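**Student:** Questions regarding the structure given below will be posed in turn.
Read the figures in this text as sums done on the coordinates, not as results from a lab. Note that the structure is predicted; figures quoted are calculated from it, not measured. Here the Cβ is made from the backbone with ideal geometry for all residues, glycine too, and neighbour counts use every protein chain on show.
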Amino acid sequence: MNWQAVKAIYIFEMARFFRTLMQSFISPVISTSLYFVVFGAAIGSRIEEVEGVSYGAFIVPGLIMLSVITQAISNASFGIYFPKFIGTIYELLSAPINFLEIVMGYVGAAATKAMFIGLVILGTAALFVDLSIQHPIAMLAFMVLTCLSLSLFGFIIGIWAGNFEQLQLVPLLIVTPLVFLGGSFYSISMLPEGWQTVALFNPVVYLISGFRWAFFGMADVPIGLSLLAIAVFTGLCLGAIWWIFKSGWKIRN
Amino acid sequence: MAAIVEIEDVKKVYDGGFAALKGVTLNIEEGEILALLGPNGAGKTTLISTICGISRPSSGAIRVGGHDTVSDFRAARSLVGLVPQEVNLEPFETVWRTVRFSRGLFGKPKDDTLIEKILRQLSLWDKKDTAIRALSGGMKRRVLIAKALSHEPRVLFLDEPTAGVDVELRRDMWEIVAGLKADGVTIILTTHYIEEAEAIADRVGVINNGKLLLVEDKDALMTRMGQKQLRIDLQDRIATVPPALHGFDLELAEDGGSLIYRYDTRADRTGIAKLMAAMSEEGLVLRDLQTSQNSLEDIFVGLVHEPEAAA
């Protein structure tokens, strides 16, 4: 195991994040505040409570997930796409490292950034609503898992993308709708029955539901199922990445 | 000397069906400087990329320091440094971080003293905290070299290191190469500047159309293939070569003001004495004599065009 290389990649990637620390910090704070103004104050005043939790508090897990998922994907996809784009990938390919080490470096850094933003949002949310977290350790674990698995997914997108448009395509056309329809701002039980069934095919539902369980002890789907869904998703991503490096798809001819 | 890089019948066919390497076999000796010459698209970069692990050989085997570059890639690649042809650098990062990153990537522990030494050697030390994008083209090329040297490679590939750099930097580059050779580093450089190969290489390989046409000791190559020419300036211009001299390989130049005689230094007789005698018999008065050796360039052009003519 070439730990030096993992460390080098991780530190190099984190440096990019620290260069733009203010942006990284301020933009989630502002967007979270906006969500609270729109959803918490304007809509929340009409909904009041969802399954015994105030609406303002209810949307916190969904809001965090929304940002964590998009951040993990965009950081990881950009992280590996950029070296491809500017050509510095030659060094990764000629270095004595294997795919696992490359993935650990890039995905680790992307997940760290997403985690940081998730925590910033959690902190911002705490300023707006009264939050009590029933299973804090499970909450953190869930967040870490989500950051990791979505960063893996982002890494695949970054390898697949041939240009900047494609880099944006999947997050914009697939991930954002899935997250918005995944119960960020509502409980699946609030949907008409037919749509409830449809919603169960949305993988994000399992993430948000599990995360919400960690906060409030209630969930749309059983927590075990949520964990299984994350595990399966992570496994699929890992498998895909293993195949990518094995075959050299899009990176090594 | 032992071979540090062994290339055995390596073929590379790209997905589109283009055969970039058509069976290259080559042993690179430890400590030598090998120059690979060839026109654009000859397969030089593909060969280097295949050795370094950027692309995979379609067939054949490559060993570096006895380690197979596919099955034992870690051991093989940790011996190899690569300075690519394109200036591929992270634009927003500083020189220092970029170079340090490379060392880490190759699994070497942090060594700031070494990196300082490399940066000073390459006149980059006062730029160490500058972002790459603010550097000039020549400086960026130095950064590429610093990155490759940062992990102390035993074999260094320089892919067109002096393409598009000014004379001063080229001289610097040659000095750096000489210094590395003195440290025992094996250097393979590709170039299409023949004077570069002539100036610094121990051996020269000529590659064209994915095939290695020849690898030879530079001096031997130049002697073996070296034709010399004798230029004879005449006192009075002549309109044609006199019939008495038709037995010699002569060419009229300078509007009849001089004769060019080609001869082979390897031949038993150069024929110069005979020519001189014949000329004086014809009553031609000599004003000056000059001999010159074929350059590598002539040899190279001859080699590259030969197979095409045969095909």
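**Student:** If each residue's Cβ is checked for other Cβ atoms within 10 Å, how do B:V80, B:V143 rank with the fewest at the top?
**Tutor:** On the way: B:V80 28, B:V143 23.
Going from least to most buried by this count: B:V143, B:V80.
**Student:** Can you compute 3J(HN,Hα) from phi for each residue in region A:69-75, using the Karplus curve 6.51 cos²θ - 1.76 cosθ + 1.60 with θ = phi - 60°, rounded to whole Hz and x for Gly and Pro?
**Tutor:** Each residue's phi maps through the Karplus curve to give 5, 5, 5, 4, 5, 5, 4 Hz.
**Student:** Do any GluC sites (Glu not before Pro) in region A:17-73 lie in a DSSP loop with no more than 16 other beta carbon atoms within 10 Å, and if so, which?
**Tutor:** Numbers: sites: A:E48, A:E49, A:E51; in loops: A:E48, A:E51.
Answer by residue number: A:E48, A:E51.
**Student:** Working from Cα positions, state the angle (0 to 90°, nearest 10) between the long axis of helix A:3-19 and the longest principal axis of chain A.
**Tutor:** 60 degrees
**Student:** Sticking with this structure for a sec: Among the trypsin sites (Lys or Arg not before Pro) in region A:155-253, which ones are in a DSSP loop with at most 16 other Cβ atoms within 10 Å of the Cβ? Mind listing them?
**Tutor:** Passing both the DSSP loop test and the Cβ count: A:K250, A:R252.
**Student:** Still on this model: If one takes the longest principal axis of the Cα atoms in chain A, at what angle in degrees, from 0 to 90 and to the nearest 10, does the Cα axis of helix A:21-35 lie?
**Tutor:** On a 0 to 90 degree scale, this one is about 30.
**Student:** Let me know the shape class of region B:131-277, please: from the alpha-carbon gyration tensor, a ≥ b ≥ c as square roots of the eigenvalues, rounded when a/c is under 1.5, otherwise prolate if a/b is greater than b/c, or oblate.
**Tutor:** It comes out prolate by the Cα gyration axes.
**Student:** What is the calculated FRET efficiency for B:R287 to B:A19, with r their C-beta to C-beta distance and R₀ = 56 Å, to the nearest 0.05? Mind dumping the intermediate values first?
**Tutor:** Working: r = 54 Å, r/R0 = 0.97.
Once the sixth-power term is evaluated, E becomes 0.55.
**Student:** What ranking of B:F101, A:F180, B:F157 emerges when the number of other C-beta atoms within 10 Å of each C-beta is taken as an exposure proxy, fewest first? Before the final figure, lay out the partial values.
**Tutor:** Working: B:F101 23, A:F180 13, B:F157 27.
Fewest to most other Cβ atoms nearby, the residues stand as A:F180, B:F101, B:F157.
**Student:** Let a ≥ b ≥ c be the square roots of the eigenvalues of the Cα gyration tensor of region A:1-67; is it rounded (a/c under 1.5), or, if not, prolate (a/b larger than b/c) or oblate?
**Tutor:** Working: a/c = 7.31, a/b = 2.45, b/c = 2.99.
Cα axes put region A:1-67 in the oblate bin.
**Student:** Follow-up question, since we're still on this one. Before rounding to the nearest 500, sum -39500 (n - 2.57) across all DSSP H runs of length at least 4 in chain B and divide by the residue total; then give [θ] at 222 nm in deg cm²/dmol. Kindly include the intermediate steps, with their values, before the conclusion.
**Tutor:** Working: 10 runs with 106 residues, N = 311.
Helix-only estimate at 222 nm: -10000 deg cm²/dmol.
**Student:** Which of A:P192, A:P136, A:P171 ends up with the largest GNM mean-square fluctuation for chain A, with Cα atoms connected below 10 Å?
**Tutor:** Among A:P192, A:P136, A:P171, the largest mean-square fluctuation in the Gaussian network model of chain A belongs to A:P192.
**Student:** Which of B:L169, B:L252 has the fewest other C-beta atoms within 10 Å, and how do the rest follow up to the most?
**Tutor:** B:L252, B:L169
**Student:** Could you give each residue of region B:188-202 its phi-based ³J(HN,Hα) in whole Hz, using Karplus coefficients 6.51, -1.76, 1.60 with θ = phi - 60°, and x for Gly or Pro?
**Tutor:** 3J(HN,Hα) across region B:188-202, in whole Hz: 10, 10, 9, 6, 10, 8, 5, 5, 5, 4, 4, 6, 10, 7, 8.
**Student:** On to the next question. Pick out which of A:V120, A:V50, A:V38 has the largest mean-square fluctuation in a Gaussian network model of chain A, springs linking Cα atoms closer than 10 Å.
**Tutor:** A:V38
**Student:** With θ set to phi - 60°, apply the Karplus curve 6.51 cos²θ - 1.76 cosθ + 1.60 along region A:214-227 and write out the HN-Hα couplings as whole Hz, x wherever there is a Gly or Pro.
**Tutor:** After applying 6.51 cos²θ - 1.76 cosθ + 1.60, I find 4, 7, 10, x, 10, 8, 6, 10, x, 4, x, 5, 4, 4 Hz.
**Student:** Continuing with the same structure: Using modelled amide H (1.01 Å from N, peptide plane; none on Pro or chain starts), what sits under 5 Å from the amide H of B:L82, excluding residues fewer than 5 places away?
**Tutor:** Here B:F157 satisfy the definition.
**Student:** Within chain B, what's the longest stretch lacking trypsin sites (Lys or Arg not before Pro) that sit in DSSP loops with no more than 15 other Cβ atoms inside 10 Å? Intermediate values should be presented prior to the final figure.
**Tutor:** Numbers: sites that count: B:K110, B:R237, B:R266, B:R269.
Between the exposed loop sites, the longest stretch runs B:111-236.
**Student:** In terms of modelled amide H atoms, which long-range or inter-chain residues lie less than 5 Å from the amide H of B:T130?
**Tutor:** B:V95, B:W96
**Student:** Which one, A:L92, A:L148, A:L178, has the greatest fluctuation when you compute a Gaussian network model over chain A with C-alpha springs under 10 angstrom?
**Tutor:** Top of the fluctuation ranking is A:L92.
**Student:** Moving on to the next point. Need one word for the protein assembly as shown: rounded, prolate or oblate. Basis is the Cα gyration tensor (sqrt eigenvalues a ≥ b ≥ c); a/c below 1.5 gives rounded, then a/b vs b/c decides.
**Tutor:** On the way: a/c = 3.34, a/b = 3.09, b/c = 1.08.
Since a/c reaches 1.5 and a/b is larger than b/c, the shape of the protein assembly as shown is classed as prolate.
**Student:** How high is the relative contact order of chain B, in percent, counting Cα pairs under 8 Å that sit 6 or more residues apart?
**Tutor:** Values: 558 pairs, mean separation 60.1, N = 311.
Over chain B, the number comes to 19 percent.
**Student:** What does the charge add up to near B:R74, with Lys and Arg as +1, Asp and Glu as -1, over the other residues with Cβ less than 14 Å from its Cβ?
**Tutor:** Working: positive: B:R63, B:R77, B:K108; negative: A:E101, B:D68, B:D72.
In short, 0.
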